[in-house]
Structure formats: C-alpha cells, structure tokens
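Below is one structure, written out as structure tokens, with a few remarks after it.
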Amino acid sequence: VSAWLCSTSRWQRATMSTDRVAALHPNVVVVWDVMRQRFVKQLRLDSEGVYCCYSADCKWLAVAEVKQVRVYDASSWGLVHNLHLKRDTALCCALSPQRRLLAVSYQDGLYELYDSLTWKRVHKVRGHADWCRRVHFSPDGEKIVSVSMDRTAKIWNLDKLKKAAVVIKRARYINDACWSPDSERIALATCDGTVTVWNAETG
C-alpha cells in the first residue's frame, strides 16, 4: 500500500493506469508512479477541474474542467487535443475503449459524444431531467450508461441513441456507476448509501 500527502485540501477524483495514479485537485492534476513510488507529472488547469480518467489502454488521460476537456498523451504528456465546450457546466468525461469517442456530461441533463479523429460532436443526447452526473462506456464499447440526480440510470446502445435501452429508477439520486468486465452488469451507487447491481440488458 502506498500513500501520498500532497495537500491539505481535498482531492476530488483519482484514476489509475497499469502503473500510475492521477489525482484531481481543484486546479491541478498530479500523477504518480505507483511501482516506483515517485512523482511523475503535474498538469495545471485553467479553471476548476471536475473529472479525470484514463483510456482503457492507458494511453490517454482526459481531464474535464467546467468549460473544456483536455486529452493528454499519457507517455509524452503532450496535448492530444483541447476540446472547448459550448457549455460551462461539464460534470464528467469518459473515453471509449478504443479511444474513438469522448463523452462529456452536463448539469442540464444531457451528454455529448465527440469523435476523437475530428473532435467534432457526433451525438447530443438529452437523457435526464436533472444533472447527468456520470457517463461510462461499457468495456465492449457497445453501450454507455448515464446516471443522474433525477434518480435514474439509463443504458444506451451506441448505435441507437434516440431512446435508452434500459431505464433503472431509484428512490434517491445516483452518484456513480461502473461496469462489470464482461459488460453484462452495472453497479449503481446512490446517495442513500446503497450499492446495487443490475443486469445491463434487462435492468
């Protein structure tokens, strides 16, 4: 077990690759090498950071601020792209397993998908009546789950985004979700302190 104390302020989010951990502070992302137990990189942000995540192959690190998402090469730390958002209410970002899509969710209940070859928006999905807190691609790259303060989690087939394939309703708002490695189940964490596991095909 390794631990680093780098600030008296709270860390907002952490994400891991095979040998590194990136932690999000309000205005900076700090990366450590877990195996060698040493500092690797510090990425300063222009505004408040809200989320960070590695791609499934650990080659990219995406960092969301309220008005933009920066994608970095996780080896050279060169900037792959700086995506300027038309809204200033971003909450989360996610990279698809093959790094072909970037998802960004917002406070107004929608999420958007961007093509990582052109960085153009390819889909705008208004899926929720309240904050779309998190979006996560399934490991097989065929689905995406969105969770919201409207107390629903919705599973969408990426080839049929006009209507959610599965809608799961909870008594309290949902903070986050995660997929099983085989993409067959999702776990939901709600604000009442419960974690529930659901079939991703039937709910």
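Taking the criterion of being of a type in the set (Ser, Thr, Tyr) and touching a His at 6+ places or on another chain (Cβ under 7 Å), the residues of segment 101-152 that qualify are Ser146, Ser148, Thr152.
In this structure, Ser47 does not satisfy being farther than 20 Å from Pro26 by Cα, open to solvent by 10 Å² or more (accessible area, probe 1.4 Å) and part of a loop (DSSP other than H, G, I, E, B).
Name the single residue, out of those in segment 1-25 being open to solvent by less than 90 Å² (accessible area, probe 1.4 Å) and basic (Lys, Arg), that is modelled with the highest pLDDT. Out of the qualifying residues, it is Arg20.
Here's the yes/no breakdown for (1) in contact with a Leu (Cβ under 9 Å, 6 or more places away or on another chain); (2) free of Cβ contacts under 8 Å to residues at least 12 places away in the same chain; (3) over 24 Å from Gln107 (Cβ atoms):
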| residue | (1), (2), (3) |
| --- | --- |
| Val166 | no, no, no |
| Arg170 | yes, no, no |
| Tyr173 | no, no, no |
| Ala177 | yes, no, no |
| Ile186 | no, no, no |
| Thr190 | no, no, no |
| Asn199 | no, no, yes |
| Thr202 | no, no, yes |
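Among the residues of segment 95-124, those identified as part of a strand (DSSP E or B) and open to solvent by less than 10 Å² (accessible area, probe 1.4 Å) are Leu102, Ala103, Val104, Ser105, Tyr106, Leu110, Tyr111, Glu112, Leu113.
The values are calculated or read from the model by the stated rules, or taken from the named source; none is laboratory data. Treat the numbers as computed from the prediction; the structure is a model and nothing was measured. Note that each Cβ is placed from the backbone with ideal geometry, even for glycine, and that neighbours are counted across all protein chains shown. The protein model used for the area step is the full one, side chains on, heavy atoms only, and it has no ligands, DNA or RNA in it. Shrake-Rupley method; radii C 1.70, N 1.55, O 1.52, S 1.80 Å.
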